[in-house]
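Visitor: What follows is a single structure, and I will ask about it in a moment.
The values are calculated or read from the model by the stated rules, or taken from the named source; none is laboratory data. All values reported here derive from a predicted model rather than from experimental measurement. When we count neighbours, we look across all protein chains shown, and the Cβ atoms used for this are built from the backbone with ideal geometry, even at glycine. Surface areas here come from the heavy atoms of the whole protein model, side chains and all, with no ligands, DNA or RNA. Shrake-Rupley method; radii C 1.70, N 1.55, O 1.52, S 1.80 Å.
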Amino acid sequence: MAREHDEDHCPLAAVDRRLGDLHRLWHQAADAYFDPDAFRVAIQGAIQTMRSVTFILQKNKAQIPDFDRWYGDWQKKMGADPLMVWMRDARNSIEKEGDLEAHSFVRAEIVASYLENGPRIDVPAKLSDAPLKLVKSIPVGALGDHIRKDGIVRIQRRWVENTLPEYELLDAVAIAYGKLSLLVDAAHEQLGLSKPRPTNVETGQAFHEGDRGGRLPCMIGHADSRTLDIWLATGAPVEFETIERRLDLSEALKLEARYGVKPAGVFGVDNAPEERLRSLFATARKMFEKDGHHIMIAFLLRQGKPVDIRELRPGEHGHKYLMMRSLAHEVVIHGADAVIMISESWSAPYNPAKPMRRAADAPDKIELLTGTLVTKVGEPLYLVAQIRRDGRAVKLDTTVERQGGSHYLFAPVYEVWGKPVPKEWIEHPERDGARER
């Protein structure tokens with residue numbers, strides 16, 4: 001991953017190169033995460049390099065119009081940011097006093113919900129009995145039974161510095177990198193230049209800025225590589241396979257012949273996310289009525305245009321908790337401001353006597369084809385058609401639209417958007433079982 005620029009001879013090339021050095025040092029630290037000495041060298045080198053980015057920028061002040069006023073505003077902004085102040089002080093400490101007091105911890109937590117509300121503890125890097133303490137904290141009753149059946153123990157290695165306990169150190173540097181890259185972007189714009197765009201150097205794919213806060217996409221979700229997920233029910237590792245495929249346009253004629261759908265028109269012609277959902281759901285109906293089933297698929301949109309498509313294949317209910325957290329990372333990476341999910345679902349009346357019962361286990365459940373749109377701004381839109389089966393024959397009822405509602409599945413997406421999670425999601429997360437995918 002790199003920041004590429006349109007201009008052949010950028011007057012701020014030296015600044016761009018030093019920011020690139022910071023990015024490379026960050027990756028060296030990530031690669032050395034389980035080697036304490038190598039991690040220390042790389043992460044401290046990254047922190048020291050941060051300061052040189054601004055030094056070189058100031059050295060080029062003569063090239064930037066109205067530099068003193070412009071840069072003064074940025075200095076005030078950075079000076080009011082606790083993390084950037086810490087980075088400045090940490091750099092001074094490294095150079096004048098010695099190494100940071102960084103310590104390796106293991107975070108163990110139970111994941112049994114789409115919400116980030118499970119119990120967790122941080123212990124020194126040797127695991128000791130940390131997971132056992134969590135297991136012993138599981139309550140008795142319906143909630144405890146649900147956790148033991150579908151819950152996952154997530155164990156994650158973390159480096160934390162004494163004076164910055166609220167951050168994982170690699171993530172703190174990634175966030176600080178992002179803030180510096182926004183400063184460098186603003187310097188380009190002050191010169192009348194276009195700002196560099198994040199680009200995958202292997203594929204050439206360019207990413208929109210979105211809500212990454214200046215971070216490159218490769219700096220998001222990096223904790224997954226040092227995380228072990230274990231099923232509470234069996235003690236076996238939770239395993240996932242991610243397969244990336246390019247769309248094969250040669251299949252378009254076959255799809256049109258089978259479903260009577262022109263691929264070019266699947267997303268409709270209106271950029272409004274609501275119209276995208278309606279068009280995609282109309283296509284989903286045709287495909288379902290032909291095949292008798294429908295996959296679980298997510299469409300990520302930015303300003304109404306699709307930026308990523310992902311099929312989800314959860315084997316167990318607990319898989320969905322992790323998959324939706326992973327999808328939330330992709331929302332940030334692609335700068336998505338809307339997500340559409342289409343899938344089959346079970347629905348059943350909520351039974352307060354069995355608050356944790358899943359809809360799939362209810363005797364009075366019904367089967368639905370559903371399409372849900374959630375957006376960074378605005379209320380969700382929910383499309384639903386009941387599925388009627390008679391032997392091999394299958395039929396869909398008329399599509400019904402509903403505005404608003406609680407869609408617990410998207411809680412991780414709401415969190416990365418900084419969108420308040422509805423109060424009822426926190427107070428009654430068990431109601432998610434009344435309608436589940």
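Visitor: For a protection proxy built on the mean count of beta-carbon atoms within 10 angstrom, sort 90-103, 390-403, 162-175 highest first, please.
Guide: Descending packing order for the listed peptides: 162-175, 90-103, 390-403.
Visitor: Please give me, ordered by residue number, the chymotrypsin sites (Phe, Trp or Tyr not before Pro) of the stretch 26-69 that lie in loop per DSSP and have at most 14 other Cβ atoms within 10 Å.
Guide: PHE34
Visitor: Specify the angular offset, from 0 to 90 degrees and rounded to the nearest 10, of the alpha carbon long axis of helix 13-31 from the longest principal axis of the alpha carbons in the chain.
Guide: 60 degrees
Visitor: Under a plain spin-label model, where a point goes 7 Å from the Cα along Cα-to-Cβ, how far apart in nm are ASP35 and ALA272?
Guide: About 5.6 nm, to one decimal.
Visitor: Please list, or write none, the lysines whose alpha carbon is within less than 18 Å of the alpha carbon of LYS77, excluding same-chain residues fewer than 8 places away.
Guide: LYS179
Visitor: So which chymotrypsin sites (Phe, Trp or Tyr not before Pro) in the stretch 217-281 end up in coil per DSSP with only 15 or fewer other C-beta atoms within 10 Å?
Guide: PHE240
Visitor: State in Å² the accessible area per residue of the chain; use a 1.4 Å probe, count heavy atoms of protein chains only, and round to the nearest integer.
Guide: 51 Å²
Visitor: Where nothing but the Cβ of Lys and Arg (+1) and of Asp and Glu (-1) is charged, how large is the charge dipole of the chain around its Cα centre, in debye to the nearest 20?
Guide: It works out to roughly 660 debye.
Visitor: Carbon and sulfur: what percent of the chain's accessible surface (1.4 Å probe)?
Guide: C and S atoms contribute 51 percent here.
Visitor: Which of the following values of percent of Cα pairs over 32 Å apart was calculated from the structure shown: (1) 48; (2) 37; (3) 51?
Guide: The value computed from this structure is option (1).
Visitor: Can you count the Lys pairs in the stretch 256-393 whose Cα atoms are under 25 Å apart, with each pair 8 or more apart or on different chains?
Guide: Value for the stretch 256-393: 11.
Visitor: While we're looking at this one, here's another question. Hey, what angle do you get for helix 82-96 against the long axis of the chain, alpha-carbon based, 0 to 90 degrees rounded to 10?
Guide: Tilt relative to the chain: about 40 degrees.
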